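No lab work stands behind these numbers, since they all come straight from the coordinates. Not measured: the values here are computed from a predicted model. In this analysis, Cβ positions are derived from the backbone assuming ideal geometry, glycine residues included, and neighbour counts consider all displayed protein chains.
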Amino acid sequence: MKEVTPKELKQLIDSKADFQLIDVREEYEFDEVNMNGQLIPMGEVMDNIDKIDRNKQVVVHCRSGRRSATVIQALESQHGFTNLYNLKGGILAYIEEVGL
């Protein structure tokens, strides 16, 4: 599975790169703190395949990186995605290493 580190994600954001950021946490988690990504809770991802861009880099994140890794594995194996990247350590690592 491809990954990006928190610092690599920060560079993508700062450079205004053309990528999609998807948050697979639950709505209450997103409401507490978020990185302005598109919220698609883990349990709803398979019903929202059409919202995931196949033509640019897509960074998927959750709290710690576990749920997003599970989502990526399912999307790659069941739907043939090849452009997905897991945020290593999730939003917790991003906050710790980069800040919000």
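The packing ranking, built from the mean of other Cβ atoms within 10 Å per residue, places the peptides 29-39, 60-70, 87-97 in the order 60-70, 87-97, 29-39, highest first. Counting only aspartates and glutamates at least 8 places from LYS7 when in the same chain, those with an alpha carbon closer than 15 Å to its own are GLU96, GLU97. Note on the chain: GNM, Cα springs under 10 Å; of ILE72, ILE22, ILE52, the largest mean-square fluctuation is that of ILE52.
Could you tell me which trypsin sites (Lys or Arg not before Pro) in the range 1-57 are loop residues by DSSP with no more than 16 other beta carbons within 10 angstrom of their beta carbon? Kindly include the intermediate steps, with their values, before the conclusion.
Details: sites: LYS2, LYS7, LYS10, LYS16, ARG25, LYS51, ARG54, LYS56; in loops: LYS2, LYS16, ARG25, ARG54, LYS56.
For trypsin sites (Lys or Arg not before Pro) across the range 1-57 that sit outside H, G, I, E and B with at most 16 neighbouring Cβ atoms in 10 Å, the list reads LYS2, LYS16, ARG54, LYS56.
In the chain, the calculated helix contribution to ellipticity at 222 nm averages -10500 deg cm²/dmol per residue, counting -39,500 (n - 2.57) for every DSSP H run with n ≥ 4.
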